[in-house]
Each structure stands twice: as C-alpha cells, then as structure tokens.
Amino acid sequence: MVDILIYIAAAVTGIAFLFALYRFLKGPTAADRVVAFDTMTLVTVVFIVIIALAEGRGIYLDVAVIYALLSFLGVIAVARYLERGL
Amino acid sequence: MTIGGIIGGILMLSGAAFLFLAGLGLVRMPDLFNRLQAGTKATTLGTLLTLAGAACLRPDWAVKLLLIGLFILFTNPISSQVLARAAHRTGTPQAAGTVDRLAEDREKRP
Amino acid sequence: MALIAMAAGFILILIGFYGALTNRNILRMIVAFTVADTGVNIVMVTVGYLRDRTAPILDNAVPAADAAARIIDPVPQALVLTAIVIGMGVTALMLAFAYRFYEKKRTLDITKCTELKW
Amino acid sequence: MSALFIALTILLTVAMIGAALVAVLGKSMPIAILSAGLVSLLASVLFLLLAAPDVAMTEAAIGSGLTTFLFFFILGRVRGGEHD
C-alpha cells in the first residue's frame with residue numbers, strides 16, 4: 001500500500017522533472033535556464049529521498065544534505081556573472 | 001499498515017502534486033518573473049512536504065530530514081532573490097500588462 | 001540498469017570528444033573535456049556494479065557478519081573518488097593556462113596561436 | 001523496486017544527454033558551463049542508483065559546485081575577449 005503511494009509520488013515527480021528539463025532545453029533567455037536548473041536540483045533532492053526510502057538505507061540521505069547545501073552555489077555564481085559582478 | 005504510513009504517504013503525494021504544479025507553471029507562465037515565482041515557492045513547499053512525509057514513514061531518519069529541510073529553507077530564498085535582482089537589473093523582457101513599480105521609482109528619483 | 005548506465009557513460013564520452021575536437025574557443029574545449037570526464041567516471045563505477053546488492057557502508061541495515069554476501073566491491077568506487085578529485089585539479093590547471101593565453105593574446109581562439117607553425 | 005530504478009535511470013540518461021548536447025553545441029558560454037554542471041549533478045544521482053553514495057557526495061560537491069564556480073571565476077576575468 002505504502003509502496004504504491006511511493007511509486008505514484010515518484011511518477012508525478014518525474015513528470016515535473018520532465019517539465020523543468022523542457023524549460024531548460026528551450027528557455028529563451030539565460031535566466032530562464034537558471035530557474036529551470038534551480039527547480040531541477042530541488043526535484044533531485046526529492047528523488048534522492050525516494051531512492052533512500054526504496055532501498056531502506058539511511059546513509060543515502062547524506063547526499064541530499066550535500067545537495068541542499070551546495071546546489072545554490074552555482075545559481076549564485078551565474079546570477080553574479082549576469083549582473084556584471086564576481 | 002500503520003497510521004503513520006498512511007499519513008506519510010498522503011504527505012508525500014501532496015508534495016509531489018505541488019512539484020507537478022511547479023513544473024506546469026514553469027512551462028506555461030509567460031515571462032521570467034512569473035516562472036521564477038512558480039519554480040521557487042511551490043518547489044520549496046513541495047520538497048518540505050515530501051521530507052515531512054518521509055519522516056512519518058521512517059521516524060528514525062527524522063533528524064537528518066529536518067536538517068535537509070532547514071538547509072533548503074535557508075538557501076532557496078537567497079538564490080531566488082539574487083536571480084530576480086540580476087534579471088531585473090539586466091532588463092529582462094516582461095509580459096504585457098506588467099506593472100513595474102521599482103523601475104518607476106528608479107526613473108522618478110535617480 | 002547497469003547496461004543503460006554504461007551506454008549513458010559511453011555516449012557522454014563521445015559527445016565530450018566531439019565537442020573538444022570541433023570547437024575553437026578554448027573554454028568550450030575545457031567544458032567538453034569536463035563532460036567526457038564525467039562519462040569516464042560513470043563507466044568505471046558501472047563496471048564495479050553487481051545486481052541486488054547494496055552500498056559498501058556498514059550500519060544497522062547491513063551487519064558486519066553477512067556483509068561479504070550483500071555489498072558490492074568498493075575498490076572501483078575508491079578509484080573513481082580519486083579520479084574525480086584529480087579531474088578537478090586538471091580542470092583548474094587547464095583554466096589557468098587558458099587565462100594565461102588570454103593575457104598574452106587578448107583572445108580565446110586557439111587558431112590565433114601560431115608561434116609553433118611554419 | 002527494480003522497475004522504479006530502471007525508470008529513473010532512463011530519465012536521468014535522457015536528461016544527461018540533452019544537457020551534454022546543450023553544453024557542446026549551444027551558442028552562449030554561461031549556458032554551456034551551467035549545462036556541464038547539470039551533467040555532473042545528474043551523474044551524482046546515477047552514482048547513487050549504482051550504490052556508490054560516497055562517489056555521489058564527492059561528485060555533487062566537487063564536480064558540480066567547485067568546477068562551476070571556477071569556470072565562472074575565469075569567465076568573469078576574460079570578459080570582452082569572447083568573440084566566438
């Protein structure tokens with residue numbers, strides 16, 4: 001029962017990932033692609049939590065900690081570059 | 001089949017629904033600032049709901065999941081605000097009918 | 001699953017080599033080299049993967065008594081861990097050379113580098 | 001749970017190949033660097049699926065974070081010389 005709920009959650013999240021990928025591949029300006037990149041990193045954190053639930057290993061959550069800490073570094077770097085800074 | 005499992009599954013489903021709505025807004029919204037609002041706020045809520053659901057499913061991972069939620073809650077608004085400021089300063093095209101009070105103030109008092 | 005991952009790694013290596021051979025901007029070549037580096041790491045991890053086994057970290061889910069039958073081989077993962085760090089060092093060195101080249105020539109096009117031609 | 005993992009692998013493979021094509025064939029330089037960072041980020045999830053969490057952590061920290069920052073540092077210094 002709970003497994004089926006996790007499957008449905010993973011499928012819906014995968015559809016959201018595909019939407020963000022479409023915006024990343026198409027996006028007219030550079031900032032649109034950066035928004036899609038930010039969304040994809042958060043969707044990836046959800047993927048990691050789902051993988052950890054499916055495998056039953058708590059050690060996989062450390063990767064999600066690293067993601068949540070470091071994923072905004074690239075966004076800040078490209079935003080400062082677009083703003084003529086850095 | 002415990003009560004925690006049912007609550008956790010429903011929380012994870014609602015979080016996935018918010019992520020789906022964020023992706024739909026990312027595709028359907030007309031210009032950058034609307035896409036930024038859809039792609040950042042809704043995604044933060046969806047991720048936090050999913051983490052809460054996982055904490056209901058496996059209560060022994062709750063500390064680590066709380067840490068992930070705190071980091072997301074700290075870092076995601078920062079990146080969103082920096083990106084919106086960069087896009088506004090470089091003159092990103094806006095949708096028709098946008099009321100830009102900040103640009104009007106900049107023109108009024110340089 | 002391992003076959004799909006290995007195919008992804010080889011396709012990434014091919015895309016990276018194509019980009020490194022056909023671009024003339026030196027920064028684009030370094031970006032393509034980074035993509036190929038990631039592909040090589042994926043192929044090396046995929047070689048060490050075994051089906052129906054779990055990560056080689058001992059905790060409550062994998063007790064030490066029956067660990068040898070349930071974990072995969074950690075040696076390729078250790079090699080890839082070293083390769084990632086060394087790849088970052090190589091990328092930093094190539095970026096330093098690219099910046100030196102730009103300071104000397106005021107351009108990033110490698111067809112302008114003609115001192116060794118005759 | 002095997003079907004879930006196979007579907008995730010296919011999804012990540014498609015996304016990685018698309019991002020790599022953008023990184024190699026695209027027009028603008030910061031988009032190429034961001035796409036290379038995205039390839040590293042998705043590759044770390046693939047490492048996690050292949051039961052290597054330590055490699056996934058290192059790839060997410062070094063391959064995605066530090067390399068992207070280094071590229072943008074150099075790109076901000078050579079601005080004005082990027083004609084092609």
Open item on the list: Going through C:Phe33, C:Phe17 one at a time, which residue ends up being more than 7 Å from every other protein chain (Cβ to nearest Cβ) and touching a residue at least 60 places away in the same chain (Cβ under 8 Å)?
Closed with: C:Phe33
- [ ] Need at least 3 residues that are loosely packed, with under 13 Cβ neighbours inside 10 Å and among the charged types (D, E, K, R) per element, so show me which helices (runs of 4 or more DSSP H) inside region B:2-110 make the cut, counting only ones lying wholly within it.
- [x] B:101-108
Open item on the list: Against the conditions (1) at the interface with another protein chain (Cβ under 7 Å from one of its Cβ atoms); (2) under 28 Å from A:Ala11 (Cα atoms), where does D:Ile33 fall short? Just the number, please.
Closed with: (2)
Open item on the list: Regarding region B:18-28, can at least one residue be identified that is within 12 Å of the chain's Cα centre (by Cα), of a type in the set (Val, Ile, Thr) and facing chain A (nearest Cβ under 7 Å)?
Closed with: no
Task: Single match in D:Ala51, D:Ala56, D:Ala3, D:Ala7 (criterion: within 30 Å of A:Val2 (Cα to Cα) and in a loop (DSSP other than H, G, I, E, B)) - done: D:Ala51
Task: Residue satisfying condition, being among the hydroxyl-bearing types (Ser, Thr, Tyr), under 28 Å from C:Ile72 (Cβ atoms) and free of Cβ contacts under 8 Å to residues at least 40 places away in the same chain, within set D:Ser28, D:Ser35, D:Ser40 - done: D:Ser40
Open item on the list: Tell me whether region A:61-80 contains one or more residues that are free of Cβ contacts under 8 Å to residues at least 12 places away in the same chain, closer than 18 Å to D:Leu46 by Cβ, open to solvent by less than 10 Å² (accessible area, probe 1.4 Å) and not aliphatic (A, V, I, L, M).
Closed with: no
TODO: Look at D:Leu11 and say whether it is at the interface with another protein chain (Cβ under 7 Å from one of its Cβ atoms), within 19 Å of A:Val49 (Cα to Cα) and open to solvent by 10 Å² or more (accessible area, probe 1.4 Å).
DONE: yes
Open item on the list: Given (1) modelled with pLDDT under 90; (2) closer than 20 Å to A:Leu82 by Cβ, identify the lone condition not met by D:Gly37.
Closed with: (1)
TODO: Tally the residues that are within 7 Å of chain B (Cβ to nearest Cβ) and at pLDDT below 90, restricting the search to region A:19-31.
DONE: 2
- [ ] Taking A:Gly14 as the residue in question, decide whether it is over 21 Å from B:Ala87 (Cα atoms) and more than 7 Å from chain B (Cβ to nearest Cβ).
- [x] yes
- [ ] Looking only at region A:33-55, decide whether some residue is aromatic (Phe, Trp, Tyr) and either facing chain B (nearest Cβ under 8 Å) or surrounded by fewer than 19 Cβ atoms within 10 Å (Cβ to Cβ) (or both).
- [x] no
- [ ] Counting only residues that are open to solvent by 10 Å² or more (accessible area, probe 1.4 Å) and closer than 20 Å to D:Ala60 by Cα, give me the helices (runs of 4 or more DSSP H) lying completely in region C:5-118 with at least 2 of them.
- [x] C:26-47, C:75-105
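Residue-wise test of (1) at pLDDT 85 or above; (2) of a type outside the set (A, V, I, L, M); (3) closer than 17 Å to D:Ile17 by Cβ.
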| residue | (1), (2), (3) |
| --- | --- |
| C:Leu12 | yes, no, yes |
| C:Ile15 | yes, no, yes |
| C:Asn23 | yes, yes, no |
| C:Gly39 | yes, yes, yes |
| C:Ile57 | no, no, no |
| C:Pro63 | no, yes, no |
| C:Asp66 | no, yes, no |
| C:Ile71 | yes, no, no |
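The values are calculated or read from the model by the stated rules, or taken from the named source; none is laboratory data. All values reported here derive from a predicted model rather than from experimental measurement. Counting neighbours? That spans all protein chains shown, and the Cβs are built from the backbone with ideal geometry, glycine included. These area figures cover heavy atoms from the full protein model, side chains too; ligands, DNA and RNA do not enter into them. Shrake-Rupley method; radii C 1.70, N 1.55, O 1.52, S 1.80 Å.
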